[in-house]
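Undergrad: Take a look at the following structure, please.
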Amino acid sequence: MAEVRPGKTNLEAWWELNEESGTRVDAHGSNDLADNNTVLYDTLVKGNAADFEKGNSESLSIADNASLSVADVDFMFTTWLKPESIPGADQDMIIAKGGGVGTREYQAYITTTGSLAWVIYSSGEAGNTVVNSGAGTIIAGTKVFVVIKYDAGASELSVSLDAGSFTTAGSAVTPYDGSSIFRLGGRYAAIDSPYDGLMDETNFWKGILTQDEINWLYNSGDGRAYSDFHPTPSIIAGVIAVIDPEIGTYDTRFKMRARKRDTALTARVRNE
Amino acid sequence: MASLIYNIGKKEILSGEIDLTNDTIKCAMVTSSYTPNKDTHEHFDDIDNEVVGSPYVAGGSELANKAFNADNTNDRGEFDADDVTWAVATLTARAAIIYKDTGTPATSTLIAYVDFGDDYSTTGEDFTIEWDSEGVLYLGE
């Protein structure tokens, strides 16, 4: 599996999700996410991950801004998930930008059949395109790397799991650019369809990465941290040690004894 | 090629010819074509295949906010400095060279070769070397 480290030219946001609570910082841009209903943490691929509890309607969010708005341009999200449950009804939202009917822009969610659905909306609701990873591909308690993308040039919507091949659907509509809130782990202004589980190292690109670049992000299942984009050398060791000295005590004493002996002999000879 | 401290650097740190506190200590970058030799490479004019790119300037950048720490947990003395960034850079680099800059390459003593482990490239993005949280280099047991 060839890997190529992507450039960050088209990177808009990278949420490492290492915080134990509170605001989740955007390591790359300025899309820091507010904590709604106290999202806590656990470990997943790189340090901590956000741990969303569905029963508490937890999510992370930020108001609409140009960085997270799309319209008819190439864009892509990648994220690591480990769901704690599969929804019994409706859906569990992973990534969503949209309010009520008429203001929806894009959504990615887990369905009741355990698939990852990726949807874009035209004019906020009417006319949408869905692509689905297939029933049973999202499993509670199992870590999975998700890539969702919209290819504006080809008018295609695609989803891939664990850096595998994409499931793609042609799109007759283009994404709506509205003014709705952006959320991880839920949707709408009033939190709806909350997610239940872990989410880690989530990033958003205004562009589409190549398969080799996706492979680099996947890293054979180990994932990547934002710091992997630049060199982080280990501290360099220089050993400092004492070189054992040679101590001249014995020789000195011997010489002194010899000197005393010679002096005594000289005196004796003189006396005789 | 693993990171290393040049022998001339060890000697001049001990003799005081390199004063890490008061001398101008710089960080240059080289490509993967440079092969360090800790015995025969002594001064900056021994370095070849220095990075060429924007906005990188030959000779590199000075290390800012140098700091020293006696680490009693690991029994060593540590030298640290701010991370180095070349903003909106278009370049490829494989390693950094830490050296004392006298203004003349032939008398600028080499201190350390810092291997990144891989080539790192940027195209119009910031290029940052993020030093280890413990520092740039240490003298220890």
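The values are calculated or read from the model by the stated rules, or taken from the named source; none is laboratory data. Predicted model only: the values in this text are computed from it and were never measured. Note: ideal-geometry Cβ built from the backbone for every residue, glycine included; neighbour counts use all protein chains shown.
Undergrad: Among the residues of the stretch A:188-212, which ones are within 22 Å of A:N18 (Cα to Cα) and either modelled with pLDDT under 95 or not acidic (D, E) (or both)? Talk me through it step by step, then tell me what you get.
TA: Taking the stretch A:188-212 as the starting set, the residues that turn out to be within 22 Å of A:N18 (Cα to Cα) are A:194-205.
Selection gives A:P194, A:Y195, A:G197, A:L198, A:M199, A:T202, A:N203, A:F204, A:W205.
Undergrad: Against the conditions (1) crowded, with 19+ Cβ neighbours inside 10 Å; (2) within 21 Å of the chain's Cα centre (by Cα); (3) over 22 Å from A:G178 (Cα atoms), where does A:W118 fall short? Just the number, please.
TA: Tallying (1) crowded, with 19+ Cβ neighbours inside 10 Å; (2) within 21 Å of the chain's Cα centre (by Cα); (3) over 22 Å from A:G178 (Cα atoms), A:W118 fails exactly one: (3).
Undergrad: Among the residues of the stretch A:234-247, are any of a type in the set (S, T, Y), closer than 30 Å to B:D115 by Cα, at pLDDT 95 or above and surrounded by fewer than 22 Cβ atoms within 10 Å (Cβ to Cβ)? Steps first, please.
TA: From the stretch A:234-247, those of a type in the set (S, T, Y) are A:234; that's our starting set.
In the following step, the residues that additionally are closer than 30 Å to B:D115 by Cα were identified as A:234.
Remaining after also requiring at pLDDT 95 or above: none.
Looking through the stretch A:234-247, none of the residues is of a type in the set (S, T, Y), closer than 30 Å to B:D115 by Cα, at pLDDT 95 or above and surrounded by fewer than 22 Cβ atoms within 10 Å (Cβ to Cβ).
Undergrad: Return the only residue of B:V136, B:V57 being within 15 Å of B:K26 (Cβ to Cβ) and at the interface with another protein chain (Cβ under 7 Å from one of its Cβ atoms). Before you say what the answer is, go through the steps one by one.
TA: Details: B:V57 fails: at the interface with another protein chain (Cβ under 7 Å from one of its Cβ atoms).
Sole residue among the options that is within 15 Å of B:K26 (Cβ to Cβ) and at the interface with another protein chain (Cβ under 7 Å from one of its Cβ atoms): B:V136.
Undergrad: Between a first residue in the stretch A:214-237 that is more than 7 Å from chain B (Cβ to nearest Cβ) and within 15 Å of A:S160 (Cα to Cα) and a second residue that is crowded, with 17+ Cβ neighbours inside 10 Å and of a type in the set (G, A, S), which pairs have beta carbons less than 8 Å apart while being 6 or more apart in sequence or on different chains?
TA: Matching pairs, first to second residue: A:I214/A:S160; A:I214/A:A163; A:N215/A:A163; A:L217/A:A163; A:L217/A:G223; A:Y218/A:A163.
Undergrad: A further question follows. Kindly indicate whether any position in the stretch B:100-120 is more than 17 Å from B:S33 (Cα to Cα), touching a Cys at 6+ places or on another chain (Cβ under 9 Å) and either within 11 Å of another protein chain (Cβ to nearest Cβ) or surrounded by fewer than 23 Cβ atoms within 10 Å (Cβ to Cβ) (or both).
TA: Taking every residue of the stretch B:100-120 in turn, none turns out to be more than 17 Å from B:S33 (Cα to Cα), touching a Cys at 6+ places or on another chain (Cβ under 9 Å) and either within 11 Å of another protein chain (Cβ to nearest Cβ) or surrounded by fewer than 23 Cβ atoms within 10 Å (Cβ to Cβ) (or both).
Undergrad: In addition: Residues that are within 19 Å of the chain's Cα centre (by Cα), more than 18 Å from A:I208 (Cα to Cα) and small (G, A, S): does the stretch A:55-72 have at least one?
TA: yes
Undergrad: Just to check your reading of the model, which residue among A:S30, A:S57 is farther than 19 Å from A:S193 by Cβ and either of a type in the set (G, A, S) or free of Cβ contacts under 8 Å to residues at least 60 places away in the same chain (or both)?
TA: Numbers: A:S57 fails: farther than 19 Å from A:S193 by Cβ.
Checking each option against the conditions leaves just A:S30.
Undergrad: Let me ask you something else. Where residues in the stretch B:1-27 are in contact with a Ser or Thr (Cβ under 8 Å, 6 or more places away or on another chain) and of a type in the set (A, V, I, L, M, F, W, C), which of them is modelled with the lowest pLDDT?
TA: B:M1
Undergrad: To continue, here is another question. Only one of B:D75, B:D80 is over 30 Å from A:L11 (Cβ atoms) and either facing chain A (nearest Cβ under 9 Å) or loosely packed, with under 14 Cβ neighbours inside 10 Å (or both). Can you tell me which? It would help to see each step written out before you state the result.
TA: Numbers: B:D80 fails: over 30 Å from A:L11 (Cβ atoms).
Result: B:D75 is the single residue among B:D75, B:D80 that is over 30 Å from A:L11 (Cβ atoms) and either facing chain A (nearest Cβ under 9 Å) or loosely packed, with under 14 Cβ neighbours inside 10 Å (or both).
Undergrad: Another question about this same structure. With A:A163, A:A189 as the choices, which residue is in contact (Cβ under 8 Å) with a residue 40 or more places away in the chain and either more than 22 Å from A:S133 (Cβ to Cβ) or basic (K, R) (or both)? Please lay out each step first, then the result.
TA: Details: A:A163 fails: either more than 22 Å from A:S133 (Cβ to Cβ) or basic (K, R) (or both).
Going through A:A163, A:A189 in turn, just one is in contact (Cβ under 8 Å) with a residue 40 or more places away in the chain and either more than 22 Å from A:S133 (Cβ to Cβ) or basic (K, R) (or both): A:A189.
Undergrad: Sticking with this structure for a sec: Across the stretch A:34-56, which residue is surrounded by the most Cβ atoms within 10 Å (Cβ to Cβ) among those that are out of contact with any helix residue (DSSP H, G or I) (no Cβ under 6 Å at 6 or more places or on another chain) and in a loop (DSSP other than H, G, I, E, B)?
TA: My answer is A:V39.
Undergrad: I'd like the full set of residues that are within 14 Å of chain B (Cβ to nearest Cβ) and not in a loop (DSSP other than H, G, I, E, B), limited to the stretch A:1-33.
TA: Selection gives A:L11, A:E12, A:W14.
Undergrad: Of all residues in the stretch A:110-160, how many are in a strand (DSSP E or B) and over 26 Å from A:D212 (Cβ atoms)?
TA: Start the filter on the stretch A:110-160 by keeping residues that are in a strand (DSSP E or B), which leaves A:110-111, A:116-121, A:128-132, A:144-151, A:156-160.
Retained after the next criterion (residues that are over 26 Å from A:D212 (Cβ atoms)): A:110-111, A:117, A:119, A:121, A:128-130.
Summing the residues that are in a strand (DSSP E or B) and over 26 Å from A:D212 (Cβ atoms) in the stretch A:110-160 gives 8.
Undergrad: Does B:A93 meet the test of being crowded, with 20+ Cβ neighbours inside 10 Å, closer than 24 Å to B:Y34 by Cα and at the interface with chain A (Cβ under 7 Å from one of its Cβ atoms)?
TA: Details: crowded, with 20+ Cβ neighbours inside 10 Å: yes; closer than 24 Å to B:Y34 by Cα: yes; at the interface with chain A (Cβ under 7 Å from one of its Cβ atoms): no.
Judged against the criteria, B:A93 is not a match.
Undergrad: Among the residues of the stretch A:59-109, count how many are in a loop (DSSP other than H, G, I, E, B), in contact with a Phe, Trp or Tyr (Cβ under 6 Å, 6 or more places away or on another chain) and either surrounded by fewer than 23 Cβ atoms within 10 Å (Cβ to Cβ) or at positive phi (or both).
TA: Initial filter on the stretch A:59-109 (in a loop (DSSP other than H, G, I, E, B)): A:63-65, A:69-74, A:84-90, A:98-105.
Cutting the leftovers down to in contact with a Phe, Trp or Tyr (Cβ under 6 Å, 6 or more places away or on another chain) gives us A:99, A:104-105.
If we keep only those that are either surrounded by fewer than 23 Cβ atoms within 10 Å (Cβ to Cβ) or at positive phi (or both) as well, we get A:99.
Of the residues in that region, 1 qualify.
Undergrad: B:T128: surrounded by 16 or more Cβ atoms within 10 Å (Cβ to Cβ), facing another protein chain (nearest Cβ under 9 Å), over 19 Å from A:I236 (Cα atoms) and in contact (Cβ under 8 Å) with a residue 24 or more places away in the chain, yes or no?
TA: Values: surrounded by 16 or more Cβ atoms within 10 Å (Cβ to Cβ): yes; facing another protein chain (nearest Cβ under 9 Å): yes; over 19 Å from A:I236 (Cα atoms): no; in contact (Cβ under 8 Å) with a residue 24 or more places away in the chain: yes.
No: the conditions fail for B:T128.
Undergrad: Mind telling me which of the residues A:L184, A:L161, A:L198 ends up being on the phi < 0 side of the Ramachandran plot and touching an Asp or Glu at 6+ places or on another chain (Cβ under 9 Å)? Show your work before the answer.
TA: Working: A:L184 fails: touching an Asp or Glu at 6+ places or on another chain (Cβ under 9 Å); A:L161 fails: touching an Asp or Glu at 6+ places or on another chain (Cβ under 9 Å).
Step by step, each of A:L184, A:L161, A:L198 is checked, and only A:L198 is on the phi < 0 side of the Ramachandran plot and touching an Asp or Glu at 6+ places or on another chain (Cβ under 9 Å).
Undergrad: Show the residue pairs meeting these rules: Cβ distance below 6 Å; 6+ apart or different chains; first residue within the stretch B:88-116 and more than 14 Å from B:I129 (Cα to Cα); second residue part of a strand (DSSP E or B) and of a type in the set (F, W, Y).
TA: So the pair list comes out as B:S108/B:Y99; B:L110/B:Y99; B:I111/B:Y99.
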